[in-house]
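> Please find one structure pasted underneath; my questions will follow.
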Amino acid sequence: MIKSIDTRLAHLSENQIKEIISKYLNKEYKLSDIISEYKIDIAPKGLYNILPSITLDMVCEHCGNHLLQKVKKRTQYSDKEDIYCANCGHIMKSSKWSFEYCKCIGCNTKRRKVEENKKEIISKYYVNKNNNVEFKELTLKEQLLLFFLIKKNVANSFTVLLPFYDEDYGRFSGTADETIENYNILLEKNIISVSPRTKISAFDVEEFPKKVDLCRATFDININFTDEIIKALDDNTYFKIRNYSDEDLLELWKEYIYKDAIDKFEKLLEERGLRLYKTEEADENFKKLIDKISYVQLTYLCYKVTKNLSDDIASHKKKRQYVIDTAYESVSRYYENAIRLDWDVFESNYKFAGDNLKYFIHYVLGKDLSILKEIPAISILENYEAFVDKGDNRKNRYKRFF
Ligand SMILES: [Zn+2]
Ligand SMILES: [Zn+2]
């Protein structure tokens, strides 16, 4: 069935118009021949534009009217034409490459319903899990993890962490891998939980709502902070006035050195188009270095190894993939060689340490940053010069770090 005929075709019967369409689709017919045969008053290249849409057997899912489709263009590579409803404006894209949504009222309503339904499922699945644990009841390690996440988060709130990555807010500092690792530690202890306010787009389509992209999720912080604690955290006095065991401090000191050095190493490699490939053995050996050399020597080694390896690639001495596979273990190997051959291991500048490590040294250990020139040990902790906070008058002094 054919509808709304152009005046230049009005002198023809419905069957004739069908013939014209089938001749148009068959390239053996010249357009000029079709036009003269049916006495159509138009230039050949204008013929396509006046051909009527074809009414299909299918009906519109929203209003039930028959759907229409324009005749396919003669050009060799043209897509199939879209199917549409002349009554309500609904469009079904024919090209699988089109990701545009149909914006008709029916489709908008349908999408809104699906979204509302999903939101309800999410809010039932991710209920608020605050179990009234006080911040001071957490271990030092947990407190620091949470505190650093809060300070690096755009929300700067003690109740919510906005997404690590978000189309609207951008991306907050730190690497995704490390942040996700930290999220997982805190999620496991229910210190944070995925918020029911997380955007629908953060959830996996297939494993909805169970699986969520942690980089795009919003988190509720399930811990209570008293005003007094918030003030002490803001003043950088909270961690200082507490008594922690030397063993705990030493363990965390090494952990923050490890995280910072890895972060630096990864960035150095990335700058040269390489990446860090971690094997368990190389990781063990790298950690052992923290007991053998200072932080500033360790980060110097990372720099030196990166430089040597990228030079080796540039001069075709080593293959790229080989370098990626072995970069991590090269750090401890370089150290062994240095010892064997009596080379000096130089020092990088401790001022370039990352924010978390700096904060830890100053406000948890209460020491001067130059302690990064020492190999971590309890004896150093006891004897090293204390950090004197020169106390600029800005209220939120942690901002110097974050
Ligand atoms: Zn319709
Ligand atoms: Zn539609």
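> Sort out which residues of region 81-128 are more than 24 Å from K199 (Cα to Cα), basic (K, R) and surrounded by 14 or more Cβ atoms within 10 Å (Cβ to Cβ), and write them in order of number.
Answer for region 81-128, where residues must be more than 24 Å from K199 (Cα to Cα), basic (K, R) and surrounded by 14 or more Cβ atoms within 10 Å (Cβ to Cβ): just K93.
> Within region 49-81, work out how many residues are within 16 Å of ligand 2 (Cβ to nearest atom) and part of a strand (DSSP E or B).
Of the residues in region 49-81, 7 are within 16 Å of ligand 2 (Cβ to nearest atom) and part of a strand (DSSP E or B).
> Considering only region 160-179, I want to know if a residue exists there that is surrounded by 12 or more Cβ atoms within 10 Å (Cβ to Cβ), within 16 Å of ligand 2 (Cβ to nearest atom), in a loop (DSSP other than H, G, I, E, B) and not assigned by TED's automatic domain parsing to the domain that holds Y277.
Checked region 160-179: no residue is surrounded by 12 or more Cβ atoms within 10 Å (Cβ to Cβ), within 16 Å of ligand 2 (Cβ to nearest atom), in a loop (DSSP other than H, G, I, E, B) and not assigned by TED's automatic domain parsing to the domain that holds Y277.
> Another one. Which one of these is under 27 Å from the mean Cα position of the chain (by Cα) and either among the aliphatic types (A, V, I, L, M) or away from ligand 1 (no atom under 16 Å from the Cβ) (or both): E100, E137?
Among E100, E137, only E100 is under 27 Å from the mean Cα position of the chain (by Cα) and either among the aliphatic types (A, V, I, L, M) or away from ligand 1 (no atom under 16 Å from the Cβ) (or both).
> Follow-up. Select, from K351, K304, K292, K288, the only residue that is closer than 30 Å to T237 by Cβ, touching a residue at least 12 places away in the same chain (Cβ under 8 Å) and among the charged types (D, E, K, R).
K351
> Identify, from the list I83, I105, the residue that is of a type outside the set (D, E), within 42 Å of the chain's Cα centre (by Cα), at negative phi and within 10 Å of ligand 1 (Cβ to nearest atom).
Within the list I83, I105, the selection yields I105.
> Same structure again: Among the residues that make up region 312-328, is at least one of them farther than 23 Å from Y277 by Cβ and either assigned to a loop (DSSP other than H, G, I, E, B) or touching a His at 6+ places or on another chain (Cβ under 8 Å) (or both)?
So far as region 312-328 goes, no, none of its residues is farther than 23 Å from Y277 by Cβ and either assigned to a loop (DSSP other than H, G, I, E, B) or touching a His at 6+ places or on another chain (Cβ under 8 Å) (or both).
> So, in region 51-71, how many residues would count as being within 21 Å of I21 (Cβ to Cβ) and surrounded by 15 or more Cβ atoms within 10 Å (Cβ to Cβ)?
Looking only at that region, the number is 11.
> Against the condition within 15 Å of ligand 2 (Cβ to nearest atom), touching a helix residue (DSSP H, G or I) at 6+ places or on another chain (Cβ under 9 Å), free of Cβ contacts under 8 Å to residues at least 24 places away in the same chain and small (G, A, S), how does G89 come out, does it pass?
So G89 passes the test.
> Turning to a different aspect of this structure: Only one residue in N156, N190, N224 is outside the structural domain of G354 (by TED's automatic domain parsing) and under 24 Å from G354 (Cα atoms). Which one?
The conditions single out N156.
> Here's a follow-up. Name the residue, out of S94, S98, that is more than 8 Å from ligand 2 (Cβ to nearest atom), polar (S, T, N, Q) and within 30 Å of K30 (Cβ to Cβ).
Result of the check over S94, S98: S94.
> Scanning for something assigned by TED's automatic domain parsing to the domain that holds L31, within 16 Å of ligand 2 (Cβ to nearest atom) and of a type outside the set (S, T, Y), does region 107-115 turn up at least one residue?
No, there is no match, as no residue in region 107-115 is assigned by TED's automatic domain parsing to the domain that holds L31, within 16 Å of ligand 2 (Cβ to nearest atom) and of a type outside the set (S, T, Y).
The values are calculated or read from the model by the stated rules, or taken from the named source; none is laboratory data. All of these numbers come straight from a predicted model, not from anything done at the bench. So basically every Cβ, Gly included, is an ideal-geometry build from the backbone, and we count neighbours across all protein chains shown.
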